[in-house]
Amino acid sequence: MRYSSWDEIEPTATPAERELKACAEAGEPCKLGPDDKIPSQPKDWDTIDPDCYIRADVLRFLILSDTTTEKGVMLGGAYISGTLDLMDCEIAHKIVFVGCQFQQTIDLTRARCTSNLRIKNCALLALHAAGSSLSQQLDCGGTKFLAQEGKALNLQGAKVSGHLILRDTTVQGAVHLHSSEIGGSLDCTHANFLFREGYAFSLQGAEIKEGFLFRSVEHGQGVMNLTNAYANTLLDDQRSWPSNNKLILDGFTYDKIIGETDAKSRLAWLEKGDRWNGKFFPQPYKQLAKVLHDMGHEADALKVRVALARKLRAEQRRKLIDASNSDASLSPKALWKDFRPVLLYLKHTFENFVLRYGYERYRVIILLPLLVAFASYQAQLSWTEGSMVPNSSVILASESWLEIAQNHPDQTVKMWMTTTTGSDWESFNAIAYGIDLVIPLIEFGQTDTWAPSTNRGRSGARFWWLRWVLAGLGFVISTFALTALTNVFQKE
């Protein structure tokens, strides 16, 4: 029932309603009972003590009444029956409910409030405020929203100029903050979001201009959707986030983090929300890496970038495997598809080991010891075989060398090393030879004094060709590593 004057209410007014009217007109709080906790749920709303019983339609009249002072309606310890319908209303005064038990819902859909709205330590079925405009804060701290189906707290498209406080709040139904604008912070500290199916907590497209406090939060089995939401500052702890497959982080952006910033904790957080309906989202990793970099945690940002690169490559292999499984034929094309994921895995493993997926290119330098070891091994094989000879045409054409080569073809080098000329010649060292061959910046003189022969054995003939390849690879890798290291030092 909509009342247009107090005269319509007076004949049936309860003592509590008369007291509330007097307090509203005097600008004083109306305390009808204890307001430090939620009143117990009545068994029968028809038998409530009239000293603390107020009808929602009477409350609506007083909220909108011209006789109510600027301090507004301040009510504590009351039982309020019916639905408080303030849809599309202009509310010029402050509204404060503390320790009140509502029988039904509060409907503020498309309402415009120019002052604070506080619903603290209360119990009600739901608060509907979609499309509303609240010029100051909305404080629902300690309140229980008891609707177990549908939207128990609906601020879709609402504009709250101040803070939205859900601290210590319990919501059994869904929380919808879809496309809302919050000029202050969204405080969900110690909140309980118990919805067990569908979107339990939706911030999709919402904008929080200050902090998003999400600490010590309990939740049911519903999904938390942060798609395309924004918060200036994220203040959270890892245990508060839903488990895997119950969190959507795609498009969620923030400027800084107050809380855990180490890569291990943050990657565990991203794991919970980087995939939805089988689709992988890279954006959460890019966002986290950017924020960590901007905050000065470059080492952790790098780990996040590497983790993203690893996941993207895993997704690439998974798609190939799925494509292979879809073709059950034994055609050469199908067999090639089965083999491609293996080759791709080897390629990705190499990229990770050597370049860290391109983020640590200087790591290519670790290939140099491998090349040196391989070159040294080939040089030692050639020496043992007798295929390493002095790298001098004068010595190879000398009478002493030719005589030894004719009489001792298998021991030419060793016999020549016992001669006066050979004993004064540079001693052969396989490791030094490998370093000389592979690393262009180091010169031990081994490649200038010794060279493999192509006609004394297989090892020598093979090494004669391999040395060009090894020298070329060594030059490319050394140049690449030197450039990468220079860039790192310049950044530092």
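Mind running the shape call on region 18-176? Use the C-alpha gyration tensor, a ≥ b ≥ c as the square roots of the eigenvalues: rounded below 1.5 for a/c, prolate if a/b tops b/c, oblate otherwise.
Oblate, because a/c is 1.5 or more while a/b does not exceed b/c.
Report, ordered by chain and residue number, the lysines lying within cross-link reach of K272, taken as a straight Cα distance under 16 Å and ignoring same-chain residues fewer than 8 apart.
The reachable lysines, counting only those whose Cα sits under 16 Å from K272, are K246, K264, K286, K311.
Tell me, in nm to one decimal, what length is gained between E399 and E149 on full extension, where the rule is 0.36 nm per residue of separation less the Cα-Cα distance?
79.6 nm
How many nm is it between the label spots at K290 and D49, if each spot is 7 Å from the Cα in line with the beta carbon?
About 5.8 nm separates the two model spin labels.
At 1.4 Å probe radius, can you tell me the per residue accessible area of the chain in Å²?
In whole numbers, the chain has 49 Å² accessible per residue.
For region 56-65, take each phi angle, set θ = phi - 60°, evaluate the Karplus expression 6.51 cos²θ - 1.76 cosθ + 1.60, and give the result in whole Hz per residue in order, putting x for glycine and proline.
4, 5, 5, 4, 4, 4, 5, 5, 9, 5
In straight Cα distance, which aspartates and glutamates are under 12 Å from K256, not counting same-chain residues fewer than 8 positions off?
Counting by Cα, and skipping residues close in sequence, K256 has these aspartates and glutamates nearby: E210, D236, D294.
Compute the signed sum of charges (Lys and Arg +1, Asp and Glu -1) over the other residues within less than 9 Å, Cβ to Cβ, of R112.
-1
Please list, in chain and number order, the residues 5+ apart from C30 or on another chain whose amide H is under 5 Å from its amide H, with Hs placed from the backbone.
It is M74, L75, G76, by chain and number.
Taking θ as phi - 60°, what are the ³J(HN,Hα) couplings along region 166-178 by the Karplus curve (6.51, -1.76, 1.60), each to the nearest whole Hz, with x for Gly and Pro?
Calculated HN-Hα couplings, in order: 10, 4, 6, 7, 10, 10, 8, x, 7, 9, 10, 10, 4 Hz.
Given the -39500 (n - 2.57) contribution per DSSP H run of 4+ residues, what per-residue ellipticity at 222 nm results for the chain, rounded to the nearest 500 deg cm²/dmol?
Roughly -12000 deg cm²/dmol at 222 nm, from the helical runs in the chain.
In what sequence, highest mean first, do 472-483, 178-189 appear when ranked by Cβ atoms within 10 angstrom?
178-189, 472-483
In Å, what is the Rg of the alpha-carbon atoms in region 154-213, and how long is Dmax?
Cα-based Rg and Dmax for region 154-213 come out at 10.9, 31 Å.
For the chain, what proportion of DSSP beta bridges, expressed in % and rounded to the nearest 5, is antiparallel?
Taking every DSSP beta bridge with both residues in the chain, the antiparallel ones total about 5 percent.
Mind scanning K37/K94; K43/K151; K209/K279 and naming the pairs with a C-alpha gap bigger than 23 Å?
Beyond 23 Å: K43/K151; K209/K279.
Excluding H297 itself, calculate the net charge of residues whose Cβ lies under 13 Å from the Cβ of H297, where each Lys or Arg counts +1 and each Asp or Glu counts -1.
Here the count lands on +1.
Once neighbouring chains are kept in place and the probe is 1.4 Å, which whole percent of the accessible area of region 188-233 is contributed by carbon and sulfur?
Carbon and sulfur: 42 percent of the exposed surface of region 188-233.
How much of the accessible area of region 34-158, in percent, comes from carbon and sulfur atoms when a 1.4 Å probe is used?
That share works out to 45 percent.
Return the FRET efficiency for the residue pair N232, E426: r is the Cβ-Cβ distance, R0 is 51 Å, and the value is rounded to the nearest 0.05.
0.15
With equal scatterers on the alpha carbons only and no solvent term, can you work out the Debye log10 of I(q)/I(0) for the chain at 0.10, 0.14 1/Å?
Listed by q, the Debye log ratios stand at -0.87, -1.22.
Apply the Karplus parameterisation 6.51 cos²θ - 1.76 cosθ + 1.60, with θ equal to phi minus 60°, to every residue of region 15-31 and state each ³J(HN,Hα) to the nearest whole Hz, in sequence, with x for glycine and proline.
Ordered by residue, 3J(HN,Hα) equals x, 5, 5, 5, 5, 4, 4, 5, 5, 5, 6, 8, x, 10, x, 10, 9 Hz.
The values are calculated or read from the model by the stated rules, or taken from the named source; none is laboratory data. Note that this is a predicted model, so its numbers are computed, not measured. Here the Cβ is made from the backbone with ideal geometry for all residues, glycine too, and neighbour counts use every protein chain on show. All accessible areas refer to the heavy atoms of the entire protein, side chains included, with ligands and DNA or RNA removed. Shrake-Rupley method; radii C 1.70, N 1.55, O 1.52, S 1.80 Å.
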